[in-house]
Amino acid sequence: MGIDDILLFDETIFKNIDAFNPDYVPENYLHRESQMEALAICLRPALRGGRPINTVVLGSPATGKTTAINKIFNIVEGTSDRVVCVYVNCQLHTTRFNIFSQIYNKIFGHMPPETGVPFSRIYGSIMKYLQTEKKSMVVALDDVSYLFHSKNANKIFYDILRAHEEFKGVRTGIFAILSDIEFRYMLDKNVTSVFIPQEIIFEPYTTQEMFDILKDRIKAGFYPDVISDDILQQIAEYASSAGDLRMGIDLLRVSGNFAEADASKTIEKKHLIEAAKNTGSANLKSTLKTLSKDEKILLKTIIDFNKDDLIAGDLYKSFSEKTSTSYASFDRTLNKLEFLRLIDTKFTGKGVKGNSRIIILRFNTEEILKCLERVQYLKNKNG
């Protein structure tokens, strides 16, 4: 089939191609019932005129955190007008002005002027609205670790959580969404005194859970009988091995595109193989972008050893020579890499205390290095 045929071919296997977009909120939200209930409990006081419960939504990438927040906010806004629910992507909005501009836009339906208006006026308009209308507000800060990189987190948290001190009766809360297990140690004392959060943990999906979720996404996105359960199982296993449900969703979409280009009414194994060649490293890059300097050094140190039986003690010796860090800090950094599913650790029972660990990379070393180089190149290019 030529290019003209591909572009003009009017038959499609996609019933709703938007079902494979990153921001798609599924009608059925599977295997996150307990987390949704916990989020509802944290929002319940706001629905009754009180202050929402501050919450840390914690989980490795692609475990459904953002979808859960959007889902629960949609439910709240569909049933009550007493709560203002604001979602902010902190990868895109990292400054104090930008964050509160998003809140302003949510409340008033338009962005504030970018010049000529002081921040205090925008802030005051938001809080006076909440005060006058007797509404509570919860702000979901997604990928909140980006606010720490920009050194704006403490001020933004303070502005939101201590608004009641200047505007009596204002009731505000924060849902902090992140993949960083060190987050709780990063806030100033004057913020931690008011930000005493509940923790809601999103554990990685199992292979079977991924299969169920992808099966549901297929029903929403494809016409019937487009893909077999055998091929879907391969996709679920591929996504599970990478620890990333988004990879499975991407494989469905790209496989469907290859099937259509092949004038096929079904997705076959050859389409999956071709899709896999195009979907490998994108999600790895997004994870590597979030790593701190020491986390990248530790990951590269693991790669430098290039051995299957790397012991944590040997790794620490090499890492400490490069960073002069304590063992406790090393241990937290190692746990972070495991939490992000870049490595696995396995206890051997052979150490002095019977708890030595072997470090195992989850990705091919060449692929990691290539992605790290790409991430650094883009960082340098963007200043």
Subset of the stretch 97-136 that is touching a residue at least 40 places away in the same chain (Cβ under 8 Å) and more than 18 Å from I156 (Cα to Cα) - its residue that is surrounded by the most Cβ atoms within 10 Å (Cβ to Cβ)
K135
Answer yes or no as to whether K128 is of a type in the set (D, E, K, R) and either assigned to a loop (DSSP other than H, G, I, E, B) or out of contact with any Phe, Trp or Tyr (no Cβ under 8 Å at 6 or more places or on another chain) (or both).
no
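Any idea which of A220, A163 is in contact with a strand residue (DSSP E or B) (Cβ under 8 Å, 6 or more places away or on another chain), in contact (Cβ under 8 Å) with a residue 24 or more places away in the chain and either of a type in the set (A, V, I, L, M) or surrounded by fewer than 17 Cβ atoms within 10 Å (Cβ to Cβ) (or both)?
On the way: A220 fails: in contact with a strand residue (DSSP E or B) (Cβ under 8 Å, 6 or more places away or on another chain).
On inspection, the qualifying residue turns out to be A163.
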All-but-one check, Q233 against (1) surrounded by fewer than 17 Cβ atoms within 10 Å (Cβ to Cβ); (2) outside the structural domain of G64 (by TED's automatic domain parsing); (3) assigned to a loop (DSSP other than H, G, I, E, B); (4) not charged (D, E, K, R), failing number (3)
Kindly indicate whether I196 is aliphatic (A, V, I, L, M), touching a residue at least 60 places away in the same chain (Cβ under 8 Å), more than 23 Å from E77 (Cα to Cα) and assigned to a loop (DSSP other than H, G, I, E, B).
yes
So is I160 of a type in the set (V, I, T) and part of a helix (DSSP H, G or I) or not?
yes
Extreme residue, modelled with the lowest pLDDT, among residues of the stretch 137-160 that are buried (at least 19 other Cβ atoms within 10 Å of the Cβ) and of a type in the set (G, A, S):
S145
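Is it true that some residue in the stretch 290-309 is over 28 Å from the mean Cα position of the chain (by Cα), surrounded by 14 or more Cβ atoms within 10 Å (Cβ to Cβ) and aliphatic (A, V, I, L, M)?
From the stretch 290-309, those over 28 Å from the mean Cα position of the chain (by Cα) are 304-309; that's our starting set.
Subset that is surrounded by 14 or more Cβ atoms within 10 Å (Cβ to Cβ): 305.
Going one step further and asking which of them are aliphatic (A, V, I, L, M), we end up with none.
Within the stretch 290-309 (the criterion being over 28 Å from the mean Cα position of the chain (by Cα), surrounded by 14 or more Cβ atoms within 10 Å (Cβ to Cβ) and aliphatic (A, V, I, L, M)), the answer is no, since none of the residues qualifies.
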Neighbours by Cβ (under 6 Å, 6+ apart or cross-chain): first from the stretch 319-344, closer than 21 Å to S241 by Cβ; second at pLDDT below 90 and assigned to a helix (DSSP H, G or I):
L340/T287; I343/L337
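Would you confirm whether any residue within the stretch 264-278 is part of a helix (DSSP H, G or I) and touching a residue at least 60 places away in the same chain (Cβ under 8 Å)?
no
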Boolean, S150 is assigned by TED's automatic domain parsing to the domain that holds T67, in contact with a helix residue (DSSP H, G or I) (Cβ under 9 Å, 6 or more places away or on another chain) and among the small types (G, A, S)
no
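Let's see how each residue does on (1) modelled with pLDDT of 95 or more; (2) part of a loop (DSSP other than H, G, I, E, B); (3) farther than 25 Å from K135 by Cα; (4) touching a helix residue (DSSP H, G or I) at 6+ places or on another chain (Cβ under 6 Å):
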{"position": "N28", "(1), (2), (3), (4)": "no, yes, yes, yes"}
{"position": "H31", "(1), (2), (3), (4)": "yes, yes, yes, yes"}
{"position": "V57", "(1), (2), (3), (4)": "yes, no, no, yes"}
{"position": "V86", "(1), (2), (3), (4)": "yes, no, no, yes"}
{"position": "N105", "(1), (2), (3), (4)": "yes, no, no, no"}
Being buried (at least 20 other Cβ atoms within 10 Å of the Cβ) and not assigned by TED's automatic domain parsing to the domain that holds K65 narrows it down to one residue among S241, S255, S228, S264; which is it?
S255
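Would you mind stating whether I72 is surrounded by fewer than 21 Cβ atoms within 10 Å (Cβ to Cβ) and either closer than 25 Å to N21 by Cβ or in contact (Cβ under 8 Å) with a residue 12 or more places away in the chain (or both)?
So I72 fails the test.
The values are calculated or read from the model by the stated rules, or taken from the named source; none is laboratory data. Quantities reported herein were computed from a predicted structural model and do not represent experimental measurements. With ideal geometry, Cβ positions are generated from the backbone for all residues, glycine too; neighbour counts draw on all protein chains shown.
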